[in-house]
Amino acid sequence: MARINAILLALAVVCALATVSANHTARKLFTELEREQARSQALEVEWGQLQLEQSTWAAPGRVEKIARDKLRMKAPGPGQIISIDAVR
Amino acid sequence: MKFSQSPLLSQGLPAWRSRLLLLGLLAAFAVLGGWSVYLQGFNSVFLQEKGASRYSRVIELSATRGRIMDRHGDVLAVSTPVKSVWAIPEDAKLNPGQLRALAGLLELDVRELARKLGSDADFVFVKRQIPPDTAERVAALKLPGIHDQREYRRYYPSAEVTAHMLGFTGAEDVGQEGVELAFEAALAGKPGSRRVIKDRRGQVVEDVESIRAPQDGRDVLLALDAKIQYLAHSNLRQAIAENRAKAGGIVVLDAKTGEILALVNSPTYNPNNRVKLAGAQLRNRALTDTFEPGSTLKPFTAALALEAGKYRADTLIQTAPGRLTIGSATIHDAHMHGMLTVAQVIQKSSNVGAAKMALSLPPQEMWAMLDSLGFGSPLKLGFPGEVGGRLRPFKKWQPIEQATMAYGHGISVTLMQLARAYLVFARDGDLLPLSLTRLELPPAEGRPVFSKQTAHEVRAMLEMAVLPGGTAPKAQIPGYRVAGKTGTAHKIESGVYADKYIASFVGFAPASDPRLIVAVMIDEPAGAAYYGGDVAAPVFARVMAASLRALGVAPDAPGLQASLDSPAVKESM
């Protein structure tokens, strides 16, 4: 009888410790999840800002200005365009 | 002596003493029991709330507003988080040094800041929508009573180019104008909230439940082509400056699908900085301002006349002596042309010819045609302030009204309505609904207004109008066949026609298989020229040529050189 009691007691202690450790692990994992979610949100924000930046750099007005002033490009005149039929 | 042998024990005690003790104990138990029933049964909700408030918190989860993109996915409007600094004036007792430091960081006037913090309100915004790194430096000052909160601010990288199309949002990131308002339901995100358990240090340790999941706003993919929009914007700005005009607008439509590829107005504004904003800049003229279209309406009169079977393209009409008297009113042509075919009436834009055609038609049919083209009723694109223009019921028409309506007077339209109506000539006589968003599939077939044959005949007349001998040789584009019509109309000021003009041009290209419709309107050109063929047609040609090239549309007349220097026939008003 005493032996069974001892075994049950040991079992109870082990279970209790396991519960504590599981809870701790859960909290640790949750914190990690939390951090990753915050990171994903921050990346999302950064992506939006990068898109904004890209749109600003690629604005047609800016492209035209650089093409005309810096690269000295111009639209081809009527005689300079040759259209070729698509190869079927 | 042992306790059991104590003589005191042999002494009998009165029975009431033990009973009293028992009663006392029972009463104490009853009180305990009652108290626990009270706590558990009647007061449990309140106590549980109190307990939960020690560790559980409800966190707001913000949702971002959807992006607006053009048809190629280029971002036109995006929300990014910013901080707003606010204060509780009662708590914010700052010494002068702190005040200067805060004012310096926020680029505020020290006196202005002191006034804000000295107010007796419970809550004041110190500065809204500042960059997050500035907010961090403010937080690092650790000033009492000064707090910050996260907000979203909308940015428009293309600034004034797309201002009227996109509109803008208010301080709470809610749409107030343009697409931002029209698509508010789709763009707006729904913030959510969740309950969590926080530890002593304020860190979230457990997720209890999600009360409401946040819903980010959906992205909106517009039909707009950022490149064409820019071309329209820069050409319009140039034309307004050259002609010293008051205002203007350009609309570009895809003739195959009815998509709105560009919509620009002038004057415009920068939606990113709306400090100095006047009402005139805000007006989305292409949709909210109506004008008498003038001769741009003549092709519809001709189409109806052809459709009725009374005229053919080569039927001769006597326009001499260049005027026509109906009742007490007389209508004039700018030149006397003599005998003209229907096609020449359009080419040379004769008022008398158009009026004669109209008078041979029943008013009811003419009204039905104008109504089915969408004149007189708003387009219902969802923009604020959209108007339908004026189309009086035919039962009230006088013969003179019917005659003037034939050449676009006594009726008012918006530029967008006018551009849309030209779909019937750019297509096979059918009209499509307009679309602000990119369509995955082109609409199968529109609502027929004219027969295919009529549409093609009028298209041929419109091609003649831009050739030498027409009113708009300046609308020609080398390499492409162009079709279109000029309009020049007196403006009405307080009920009478003033010496101010609206010059317009609506056309499409390539004429062999129309792809784009471009409508140009210049309000009050103050230069030497004010005719649609001189003011609006060159703008049309520049926008159309560049847009066709941008879209890679093959020239349908590779050898065609523009004869731009041939003189324009003066059009009648």
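In region B:31-94, which GluC sites (Glu not before Pro) are in a loop and have at most 16 other Cβ atoms within 10 Å, using DSSP for the loop call? Please report the intermediate quantities before stating the final value.
Working: sites: B:49, B:60, B:90; in loops: B:90.
Counting only loop positions with at most 16 other Cβ atoms within 10 Å, the GluC sites (Glu not before Pro) in region B:31-94 are B:90.
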Q) So what's the angle, to the nearest 10 degrees on a 0 to 90 scale, between helix B:298-307 and the longest Cα principal axis of chain B? A) 70 degrees
Q) Quick one: helix A:2-57 against the long Cα principal axis of chain A, what's the angle to the nearest 10°, folded into 0 to 90? A) 10 degrees
Q: First select every other residue whose beta carbon is under 13 angstrom from the beta carbon of residue B:52; then total the charges, Lys and Arg +1, Asp and Glu -1.
A: +2
Q: At a Cα cut-off below 15 Å, give the aspartates and glutamates reachable from residue B:116, other chains included and same-chain residues fewer than 8 away excluded.
A: B:90, B:91, B:107
Q) Restricting attention to the alpha-carbon atoms of chain A, what are Rg (one decimal) and Dmax (integer), both in Å? A) 34.4, 109
Q. Considering only DSSP beta bridges with both partners in chain B, what is the antiparallel share in %, to the nearest 5?
A. 95 percent
Q) Roughly what angle does helix B:44-55 make with the longest principal axis of chain B, taking Cα atoms, 0 to 90 degrees, to the nearest 10? A) 70 degrees
Q. Label point 7 Å out from residue A:54 along Cα-to-Cβ: which residues of region B:73-106 have amide N under 14 Å?
A. B:73-78
Q.
How far apart, in nanometres, would the label points at residue B:11 and residue B:272 be if each is projected 7 angstrom from Cα along the Cα-to-Cβ direction?
A. 10.2 nm
Q: Take every Cα pair under 8 Å in chain B that's 6+ residues apart, average their separations, divide by the length, and report that relative contact order as a whole percent.
A: 14 percent
Q | Full-stretch length increase - residue B:491, residue B:335 - with 0.36 nm per residue and alpha-carbon distance subtracted | A | 54.0 nm
Q.
Using alpha carbons only, how many angstrom separate the centre of region B:11-44 from the centre of region B:115-160?
A. 62 Å
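What is the sum of charges, Lys and Arg at +1 and Asp and Glu at -1, for the other residues whose Cβ falls under 13 Å from the Cβ of residue B:571? Mind dumping the intermediate values first?
Details: positive: B:298, B:348, B:474, B:485, B:570; negative: B:333, B:534.
That works out to +3.
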Q: Determine the distance separating the Cα centre of region B:344-379 from the Cα centre of region A:22-88; give it in Å without decimals.
A: 49 Å
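Explain nothing, just the number: dipole magnitude of chain B about its Cα centre with +1 on each Lys and Arg Cβ and -1 on each Asp and Glu Cβ, in debye rounded to the nearest 20.
Numbers: 65 positive and 55 negative charges, 330 e Å.
With only Lys, Arg, Asp and Glu charged at Cβ, the dipole is about 1580 debye.
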Q: Under a cut-off of 26 Å between alpha-carbon atoms, report the lysines in cross-link reach of residue B:396, not counting same-chain residues fewer than 8 places apart.
A: B:298, B:310, B:356, B:491
Q. All other residues with a Cβ under 13 Å from the Cβ of residue B:181 taken together, and with Lys, Arg as +1 and Asp, Glu as -1, what is their net charge?
A. -3
Q: Please work out the C-alpha center-to-center distance from region A:3-17 to region B:163-177 and express it in whole Å.
A: 67 Å
Q: Report the full-extension gain for the segment residue B:199 to residue B:365: residue separation times 0.36 nm, less the Cα-Cα distance, to one decimal in nm.
A: 51.9 nm
(Q) List the trypsin sites (Lys or Arg not before Pro) within region B:245-293 that DSSP assigns to loop and that have no more than 15 neighbouring Cβ atoms inside 10 Å. (A) B:274, B:276
Q.
Given points 7 Å out from each Cα along the Cα-Cβ axis, report the residue B:218 to residue B:328 separation in nanometres with one decimal.
A. 5.8 nm
Q.
Testing the spin-label approximation: label points 7 Å from Cα along Cα→Cβ at residue B:43 and residue B:513. State their distance in nm.
A. 8.6 nm
Q: Give me the lysines in straight-line cross-link reach of residue B:198: C-alpha distance below 30 Å, same-chain residues under 8 apart excluded.
A: A:28, B:50, B:83, B:142, B:190
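Computed from the coordinates by the stated procedures, all read-outs in this text should not be read as laboratory data. This structure is a prediction, so every number in the text was calculated from the model and none was measured. FYI the Cβ positions are ideal-geometry reconstructions off the backbone, even for glycines, and counts take in every protein chain you see.
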